[in-house]
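Below is one structure; the comments refer to it alone.
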Amino acid sequence: MSRHLQKAFVPLAALTALVAVVGAGAGTARGPQLSLRWQAPTPRDGTAYAVKAGEALSFELKSSAGKIRSRRLPAGVSFGAGSGRAQVAWTPSSAQVGEHVLTFVASSGSSYAPPRSFVVYVLPKAPAAPHESFPLGGVNGMSRWAEIYSDVSARTRPSARAKSMVRLHQYTPEGTPNLVQALSGQINTNGEYWVRVRLQVLPNGTTGWVPRASLGPYNEIWTHLVIDRKLFTATLYKKGRAIFRTRVGVGKPYWPTPAGEFYVRERITGFSDLIYGPLAFGTNARSSVLTDWPGGGFIGIHGTNQPEILPGRVSHGCVRMPNSAVRRLSHLMPLGTPVTIL
């Protein structure tokens, strides 16, 4: 199968405050109907918050009708909902330093409001003490990634004496440069700089430590993709705004798309099989069963030669979207983008 990597970053002139909504062609009548609307004082979709650990954050939600529900909130979030209204409050702990996505939906019968997500970055109370870990993300949705410059073992602790978890390679199975999302750093007692990264293994969500010297320069990005498996939507956020949304297909019940926090690690074009559409994004998400991804195992985000089946539970685990949508997304979503699957 002939494939090659293309890295495409968005020209500043292409950025807009408006959401680019890409339809699902003949499949737009499928799936839940997104006919309800959010109303003031609901914060704008994608609003980015920054709060220090131990400080309170609160906001109110209101919908045109129905009941408001939450999606997989962080521990400690208080969520009180009534008819068409909800109050959200959270005082994050020091253990929750880093980025969190809070997502809410409103529904009445078979009608829903488009999911609304907010990016909350929890700051440490004070700068890290010597030999304590420090976050590598930042406010306004900033995250960092780096290429793996040499094969290296990810370890359970920031030490060469710690247990090896998995061997990370310089290139992916598809032959593209391998990259990792950098979550936090730490200078150990020997003066060595280590980085905690998301791993590409089961169980999903596993992290490990690698020496900073094994990675290339940090790349800073401000995008975050949120995929809702129930409403079959994918929304891309950048610096506090939603800039892209489309309906999608996800895994069938017996080939489920896994939930969790992931990242985009490669971009591939030149597929000989039209099932993938014009291009695909490979993620670090893994499935314990077969997926659409070449060779199986990994979860991809790609186009389709069957737009009429979207949205719905239609795949072997990968996320499918119309070809027009994935082309648009390729101009907006850089490598390393965090991916939240709800």
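Read-outs throughout are calculated quantities, based only on the coordinates presented, and are distinct from any laboratory measurement. Not measured: the values here are computed from a predicted model. Note that we place each Cβ from the backbone using ideal geometry, even for glycine, and neighbour counts take in every protein chain shown.
Summary table
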read-out	value
Contact order normalised by residue count of the chain, Cα under 8 Å, 6+ apart, percent	20 percent
DSSP bridge pairs, the chain: antiparallel proportion in percent, nearest 5	85 percent
Highest-MSF residue in the chain out of N284, N190, N323 [GNM, Cα springs under 10 Å]	N190
Where GluC sites (Glu not before Pro) in DSSP loops with at most 13 other Cβ within 10 Å are excluded, longest remaining stretch of the chain	133-342
Per residue convex hull volume, Cα atoms of the range 57-144, in Å³	102 Å³
Positive-pole candidate from G317, G300, S214, dipole of the chain, charges at beta carbon	G317
Note, ³J(HN,Hα) from phi for the range 132-139, Karplus 6.51, -1.76, 1.60, rounded to Hz, x at Gly and Pro	9, 6, 9, x, 10, x, x, 5
Other-chain or far-sequence residues with amide H under 5 Å of V264's (modelled H)	G336, T337, V339
Signed unit charges on C-beta, dipole axis of the chain, positive-most listed residue Q200, H331, L34	L34
For the range 256-342, size of Cβ-based charge dipole, Lys and Arg +1, Asp and Glu -1, in debye	140 debye
Net charge of Cβ neighbours under 13 Å - reference R72; Lys, Arg +1; Asp, Glu -1	+2
The range 136-188 - Rg (one decimal) and Dmax (whole number), Cα, Å	12.9, 36
Interchain or long-range residues, amide H under 5 Å from Q181's placed H	R198
Measure of compaction for the chain (Cα Rg per 2.2 N^0.38 Å)	0.99
Hull-based mean projected area of the range 203-340, where the convex hull spans the alpha carbons, in square nanometres	8.8 nm²
Choice from V120, V77, V101 with maximal GNM fluctuation in the chain (Cα, 10 Å cutoff)	V77
